[in-house]
Amino acid sequence: MNMSGHKSSYTQEKLRSLFQPVDMTTGEPWRKILLFMVPMLIGNIAQQLYNTVDSIVVGKYLGDHALAAVGSAGPGSQVHRL
């Protein structure tokens with residue numbers, strides 16, 4: 001087996017291990033909470049950056065009324081994701 005086949009197999013195994021169920025009732029609670037929190041934190045930061053850029057672009061190029069529409073639609077889209 002060549003090195004690229006080994007590396008690909010290793011990468012696939014690592015990727016699969018990310019999606020395996022995790023028992024949150026055993027082990028150190030702070031570590032489990034931290035590992036659970038990090039992806040959500042990254043997602044929330046990315047969403048906030050998207051909303052900020054969206055507001056800047058809409059406000060600059062489409063005007064006040066469009067910016068108000070984007071601002072009023074934000075809370076509804078947050079509820080929709082729940």
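The values are calculated or read from the model by the stated rules, or taken from the named source; none is laboratory data. Owing to the predicted nature of the structure, the values given are computational and were not obtained by experimental measurement. As a convention, Cβ positions derive from the backbone with ideal geometry for all residues, glycine included, and neighbour counts pool all protein chains shown.
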Practice prompt. Would you check which residues across segment 56-73 are of a type outside the set (A, V, I, L, M, F, W, C) and loosely packed, with under 12 Cβ neighbours inside 10 Å and list them?
Written response: LYS60, TYR61, GLY63, ASP64, HIS65, SER72
Practice prompt. State yes or no: is LEU49 modelled with pLDDT of 90 or more and surrounded by 10 or more Cβ atoms within 10 Å (Cβ to Cβ)?
Written response: yes
Discussion item. Tally up the residues in segment 1-20 that are modelled with pLDDT under 85, polar (S, T, N, Q) and within 20 Å of LEU35 (Cα to Cα), please.
Written reply: 1
Practice prompt. Could you list all residues from segment 23-37 that are loosely packed, with under 10 Cβ neighbours inside 10 Å and either among the β-branched types (Val, Ile, Thr) or in contact with a helix residue (DSSP H, G or I) (Cβ under 6 Å, 6 or more places away or on another chain) (or both)?
Written response: THR25, THR26
